[in-house]
1. Within the bounds of the range 360-374, is there any residue that is modelled with pLDDT under 90 and either not in a helix (DSSP H, G or I) or not aliphatic (A, V, I, L, M) (or both)?
2. Just the residues that are under 17 Å from Ile292 (Cβ atoms) and of a type in the set (Gly, Ala, Ser), please, taken from the range 224-273.
3. Keeping to the range 92-135, report how many residues are modelled with pLDDT of 80 or more, assigned to a loop (DSSP other than H, G, I, E, B), farther than 26 Å from Ser337 by Cβ and among the small types (Gly, Ala, Ser).
4. Identify all residues within the range 197-234 that are among the hydrophobic types (A, V, I, L, M, F, W, C) and either surrounded by fewer than 19 Cβ atoms within 10 Å (Cβ to Cβ) or in contact with a His (Cβ under 9 Å, 6 or more places away or on another chain) (or both); write none if there are none.
5. Which numbered condition in (1) modelled with pLDDT of 85 or more; (2) under 14 Å from the mean Cα position of the chain (by Cα) is the only one that Glu157 fails?
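The values are calculated or read from the model by the stated rules, or taken from the named source; none is laboratory data. The structure displayed is predicted, hence computed values, not measured ones. Cβ placement follows ideal geometry from the backbone for every residue including glycine, while neighbour counts extend to all protein chains displayed.
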Amino acid sequence: MAEKSPPPRTLLGPAAVTASSTVTTDVPVVAQPAQRQSLGSSVQHFVASGIASGLARFTTHPFDTIRTRLQVHNHGTSHAMGHGGDRPLGVQAQWSAKHTGEPSRPPAHLTSALRQTWACGRSIVAQEGVRGLYSGVGIAMGIGAPALATYLFTYDEAKKYISSQLNAGRGHLASGHEGLATHLLAGVTAEVVSGLFWTPMEVIKQRLQAAGGELQRYKSSTHAFKTIVAQEGIRGMYRGYFTTLTVFIPHSAIFFVTFEQLKLLALRIRGHRPLSDSEDLPPLSFSTTLGISTTAASIAALMTNPLDVIKTRWQVQVGTTALANGVVAQTPWLGLSYASPLDAALRIVREEGWRALTQGMAARALWLAPATAVSISCYEAMKHAYFSED
């Protein structure tokens, strides 16, 4: 059954006259409701994505906490992968062994990664209770919802605009390459804009997640915010903004290109062949959208994990503090002391081996895949449900 789509924008002004040349006085009457519906649909998309984000964030937050612990604490270990030899365990490595199982050996395959994820989760619950798994969930829910809403809203609007510009005067796509370019550019635009929300949230959330018990220096999200601003300035809240973009721009590009192509494949299997990206597509079933988005999110999460390890350590690391005598000093926390994201990347590979960049990979996929799948599926379902009522 064909979906009831919103009134096309082409039926405004002169186009309305061509649609009904005998009643020209009705043009203003037709245009105003269409404009109101266009605005209403955009607001509805924004609200739908916010609700979806809240549902997804809470249910998958424990995996995000495990990911952070594994990525931050598995360093300075007794065995540098790829270099051989043993080194004495330092204080942080001992803490890491206590909280993550076997930090000296980054997982070599998926099974060991899943075992390490399970061991880390059990250790957190045993020593900190279930609340330990939900460290930082308040800031994630509070800022994550508008951040994801901004992300999905921006992606949708950017895709419409870019597609209309690429296809101007042609009426349809000349080749599949322009479709990929639309999804890629829209994803990049969404990341740049939503990153203004994501980065402060990630800094606060990850510092709350990174440690528990005697090593945790922040009492709450509010305390973390005040402490970071006082010690590092407002720049501390945006620590790693560009590093975050280097992680999530490729993540977004991989996800949306994969998602949109799989969606088009599913529609072709159903016998529908859209002429262009700007065409209103019939909705897929919720289960199909869920499966497609889960697949796309898993691929994107696994492929960008090495960049995420670097980003996480750089954002968790406490920044520079201006002292009263004018001397600027850096206060190490959790044994992290990198000069820059590039320095972090080079030292991780040199001191811990390249496999250290796979730390937290399974937990990251278990966090992002269902979170993204639930968000996207709910967003798509709510969006089409709204249109079907009009």
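1. So far as the range 360-374 goes, yes, one or more of its residues are modelled with pLDDT under 90 and either not in a helix (DSSP H, G or I) or not aliphatic (A, V, I, L, M) (or both).
2. Passing the criteria: Ser252, Ala253, Ala266.
3. 1
4. Listed by number, the residues that qualify are Phe197, Ala210, Ala211, Leu215, Phe225, Val229, Ala230, Ile234.
5. (2) is the only condition that Glu157 fails.
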